[in-house]
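A quick write-up on the structure given underneath.
The values are calculated or read from the model by the stated rules, or taken from the named source; none is laboratory data. These numbers come from a predicted model, not from an experiment. Please note: Cβ atoms are built from the backbone with ideal geometry, for glycine as well, and neighbour counts cover all protein chains shown. Surface accessibility is based on the protein's heavy atoms, side chains included, excluding ligands, DNA and RNA. Shrake-Rupley method; radii C 1.70, N 1.55, O 1.52, S 1.80 Å.
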Amino acid sequence: MAERGTEKGFGPLVPDACRALILGTYPSPKSFEAQFFYGHPQNRFWPLVAALAGVEAPRTVAEKRALILDGRAALWDTLESCRITGASDASIRDPVPNNVAALVTEKGITHVFCNGAASHRLYEKFHRPATGIAALRLPSTSPANAAFSFERLLEAWQPVAEFLSPPGD
């Protein structure tokens, strides 16, 4: 598989009443193709987030966007760009971080959740010194994480649930 260049990832998706941040690593080729977060059809992120929010899994980008914007958790990636082979986080080179600290400060974010080990490692290296917030490392929703069934993911991701419903719920 060919190495991808340093294509810029997506900007953050931020609800008005944001208090938490869910961080991935960097968009996969399928996400770039879909022009939205977690675009690979086998990635369990959207069904998982929907289950945690108690709603039906979104199918369209508009429905996925609404699911995030209706809650209190922003969605972004630790990296703005990097060199990467396919979707392999292990192959990341020349990482350029997003300005996570600015988002955390601007929105008053108090909780950070990392989708997988690579996201967590990069958050710790590039972002935690500036945010001062310890991130909770969650198991990856990637189809490559076959060790975790959907049920195990659902259990591990429970701390995120309170931020996936509208304020006041």
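Would you confirm whether any residue within the stretch 119-129 is touching a strand residue (DSSP E or B) at 6+ places or on another chain (Cβ under 7 Å), touching a residue at least 60 places away in the same chain (Cβ under 8 Å) and outside any helix (DSSP H, G or I)? No, that holds for no residue.
Out of A74, A20, I need the residue that is closer than 24 Å to E155 by Cβ, in contact with a Cys (Cβ under 7 Å, 6 or more places away or on another chain), open to solvent by less than 20 Å² (accessible area, probe 1.4 Å) and not basic (K, R). Which one? Break it down stepwise before answering.
Working: A20 fails: in contact with a Cys (Cβ under 7 Å, 6 or more places away or on another chain).
Testing whether each residue is closer than 24 Å to E155 by Cβ, in contact with a Cys (Cβ under 7 Å, 6 or more places away or on another chain), open to solvent by less than 20 Å² (accessible area, probe 1.4 Å) and not basic (K, R) leaves just A74.
Against the numbered list (1) open to solvent by less than 50 Å² (accessible area, probe 1.4 Å); (2) in a loop (DSSP other than H, G, I, E, B); (3) small (G, A, S), S81 comes up short only at (2). All of (1) open to solvent by less than 30 Å² (accessible area, probe 1.4 Å); (2) under 22 Å from F32 (Cβ atoms) hold for S142 with one exception: (1). When the stretch 41-55 is filtered for residues that are under 15 Å from the mean Cα position of the chain (by Cα) and not in a helix (DSSP H, G or I), the ones remaining, listed by number, are N43, R44. The selection criterion, being open to solvent by less than 40 Å² (accessible area, probe 1.4 Å), touching a Gly at 6+ places or on another chain (Cβ under 7 Å) and touching a residue at least 12 places away in the same chain (Cβ under 8 Å), does not hold for P58.
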